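Trainee: What follows is a structure written as structure tokens; I'll ask about it next.
The values are calculated or read from the model by the stated rules, or taken from the named source; none is laboratory data. Quantities reported herein were computed from a predicted structural model and do not represent experimental measurements. Please note: Cβ atoms are built from the backbone with ideal geometry, for glycine as well, and neighbour counts cover all protein chains shown.
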Amino acid sequence: MTETASGADDERTLLADRLAAVRARVAAACAAAGRDPRSVRVLLATKTVDAARVRAALAADASAVEADPSLAPVLIGENRVQELVAKGPDLADLAPVTHLIGPLQSNKVNAALRWVSCVESVESIALARRLSERCTDRAVPLAVLVQVNVSGEPTKHGVPHEAATDLAIAVAALPGLRLAGFMTVGLRSPDPVAVGAGYAALAALRDDVVASGAPGTAQARGLSMGMSGDLEIAVRHGATLVRVGSAVFGARPPL
Ligand SMILES: *Cc1c(COP(=O)(O)O)cnc(C)c1O
């Protein structure tokens, strides 16, 4: 710790202000869409952010929730299993609800499952089966989201849109898992219409899967979509979880 006490206070105030600004954006977007602001949760995407700053953000959030009990606490999202495992012990006493939001290789499943209550990045039946095998003995099934590549950009993770319905129905039937909905990383574009089209497509896909009546799909209503730059568009199209990194933690170092 090289930081002085007042430096740490400044840091916490900054994080509290940015978090409040994000919540205000979500609330305004909900109001504009005629949605209940409590229908959208905020997840902090903490890639590259060290555990001390994540703790400061969680402390700032806890104060905000204490001041306004109508607010739901933020969640944490990690992209890389390595970071998840490294920070997990430093955050364990705060017991944050933590999701995996990045790719999961089958040899890292056990390590990841120790720290997360939801895997948002299920993009293949092979991964889903692997998770299912590890979760069949659980009292509470593991929540999973099917990640869909709505933009079709080749660099993006996620199952192609045209294969997503079949994958979701197959995942929903697996023991030990609970299909809670869908996740996407939206198109990176300054054109709000093009970005919104991808989010609308994810919402329509969700509606189709729920309407299918297939076993395990009735609860699959969640939509994890929208980030710092476009959360308003995602909320307009029905996001139930927005994943926010840079709007709270500032710009990340280049990878
Ligand atoms: C980094 C990341 C985010 C947050 O991105 P920001 O633009 O910093 O808000 C959300 N989702 C995923 C999957 C990410 O990797």
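Trainee: Would you mind telling me which numbered condition in (1) in contact (Cβ under 8 Å) with a residue 40 or more places away in the chain; (2) under 19 Å from Gly152 (Cα atoms); (3) away from the ligand (no atom under 16 Å from the Cβ) Ala214 fails?
Mentor: Failing condition for Ala214: (2).
Trainee: Looking at the structure I just gave you, is Gly196 more than 11 Å from the ligand (Cβ to nearest atom) and over 30 Å from Arg129 (Cβ atoms)?
Mentor: Yes.
Trainee: Okay, next question. For the stretch 190-216, how many residues are at negative phi, surrounded by 15 or more Cβ atoms within 10 Å (Cβ to Cβ) and either of a type outside the set (Phe, Trp, Tyr) or part of a loop (DSSP other than H, G, I, E, B) (or both)? First the steps, then the outcome.
Mentor: Let us first name the residues in the stretch 190-216 that are at negative phi, namely 190-212, 214-215.
Among the residues that remain, those that are also surrounded by 15 or more Cβ atoms within 10 Å (Cβ to Cβ) are: 195-203, 205-206, 209-210, 212, 214.
From the residues that got through so far, the ones that are either of a type outside the set (Phe, Trp, Tyr) or part of a loop (DSSP other than H, G, I, E, B) (or both) too are 195-198, 200-203, 205-206, 209-210, 212, 214.
Of the residues in that region, 14 qualify.
Trainee: Please identify the pairs in which a residue from the stretch 242-255 that is more than 25 Å from Ser39 (Cβ to Cβ) has its Cβ atom under 8 Å from the Cβ atom of a residue that is outside any loop (DSSP other than H, G, I, E, B) and within 8 Å of the ligand (Cβ to nearest atom), counting only partners at least 6 apart or on another chain.
Mentor: Arg252/Ser246
Trainee: Looking at Leu205, is it at pLDDT 95 or above, closer than 21 Å to Arg18 by Cα and among the hydrophobic types (A, V, I, L, M, F, W, C)?
Mentor: Numbers: at pLDDT 95 or above: yes; closer than 21 Å to Arg18 by Cα: no; among the hydrophobic types (A, V, I, L, M, F, W, C): yes.
So Leu205 fails the test.
Trainee: Also, quick follow-up: Give the stretch 181-240 a look and list any residue that's out of contact with any His (no Cβ under 9 Å at 6 or more places or on another chain) and among the β-branched types (Val, Ile, Thr), or say none.
Mentor: If the condition is that a residue be out of contact with any His (no Cβ under 9 Å at 6 or more places or on another chain) and among the β-branched types (Val, Ile, Thr), then Thr184, Val193, Val195, Val209, Val210, Thr217, Ile233, Val235, Thr240 are the ones that fit.
Trainee: Out of the residues in the stretch 224-240 that are within 14 Å of the chain's Cα centre (by Cα) and within 10 Å of the ligand (Cβ to nearest atom), which is surrounded by the most Cβ atoms within 10 Å (Cβ to Cβ)?
Mentor: Met225
Trainee: Any chance you could count how many residues in the stretch 116-155 are surrounded by 16 or more Cβ atoms within 10 Å (Cβ to Cβ), in a loop (DSSP other than H, G, I, E, B) and within 16 Å of the ligand (Cβ to nearest atom)?
Mentor: Count: 4.
Trainee: Ok, one more. Looking at this structure, is Val109 in contact with a helix residue (DSSP H, G or I) (Cβ under 9 Å, 6 or more places away or on another chain), within 16 Å of the ligand (Cβ to nearest atom), without any contact (Cβ under 8 Å) to a residue 40 or more places away in the chain and among the β-branched types (Val, Ile, Thr)?
Mentor: So Val109 fails the test.
Trainee: Residues that are at negative phi and surrounded by fewer than 17 Cβ atoms within 10 Å (Cβ to Cβ): list the helices (runs of 4 or more DSSP H) wholly contained in the stretch 24-115 that include at least 3 such residues.
Mentor: Per the criteria, 51-67, 81-91.
Trainee: Being within 13 Å of the ligand (Cβ to nearest atom), over 19 Å from Gly102 (Cβ atoms) and part of a loop (DSSP other than H, G, I, E, B), is that true of even one residue in the stretch 243-250?
Mentor: Yes, the stretch 243-250 has at least one match.
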